[in-house]
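The values are calculated or read from the model by the stated rules, or taken from the named source; none is laboratory data. Values in this document were obtained by computation on a predicted structure and should not be read as measured data. Remember, those area values only see protein heavy atoms, side chains included, never the ligands or the DNA or RNA. Shrake-Rupley method; radii C 1.70, N 1.55, O 1.52, S 1.80 Å.
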Amino acid sequence: MFAAFNEPFDEPGATGFEWLSRDEAEVQAYVDDPWCGEPLSNGFVADMLEATAVMWQPEAEAGIPTGVPVLIFSGARDPVGGPDSASVRDLSARYEAAGVPVTLRLYEGGRHEMLNEINRARVHADLLAWLDQILP
């Protein structure tokens with residue numbers, strides 16, 4: 001289901017999971033983990049697609065508390081976010097339009113697992129700084 005995500009990163013010797021991170025050790029750890037990389041069951045995919053359809057309904061934003069700040073962060077090259085992070089930007093815009101205070105951070109060159117990326121120290125620092133800013 002996610003095989004196409006690796007196409008931009010497909011080079012000789014690729015594992016098929018380079019779309020997850022630029023950190024080769026993290027990708028290899030994923031590949032080596034017996035609990036990772038298995039095909040998804042039909043039931044899981046059906047449930048995921050159903051939940052996604054519900055989440056993207058315009059009325060879904062009505063259930064989000066408008067007084068709770070939200071941090072959305074993503075790698076700018078995360079294939080799940082779409083070209084130019086379009087889905088991530090769209091989500092942020094939808095939350096903002098619903099009155100939710102949103103901070104959007106896109107990390108140049110980052111892929112899917114930003115907490116396991118080569119710039120993870122920056123991501124962690126940004127997350128902690130954001131929490132320090134919003135927490136009393």
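A few remarks follow.
- On a per residue basis, the chain carries 64 Å² of accessible surface, using protein heavy atoms and a 1.4 Å probe.
- With contributions of -39500 (n - 2.57) from each DSSP H run of at least four residues, the per-residue ellipticity at 222 nm computed over the chain stands at -11500 deg cm²/dmol.
- Working note: Cα gyration tensor of the chain, eigenvalues times five, square-rooted, sorted largest first, giving semi-axes of 28, 21, 13 Å.
- Percent carbon-and-sulfur accessible area, the chain, ignoring ligands, DNA and RNA, probe 1.4 Å: 58 percent
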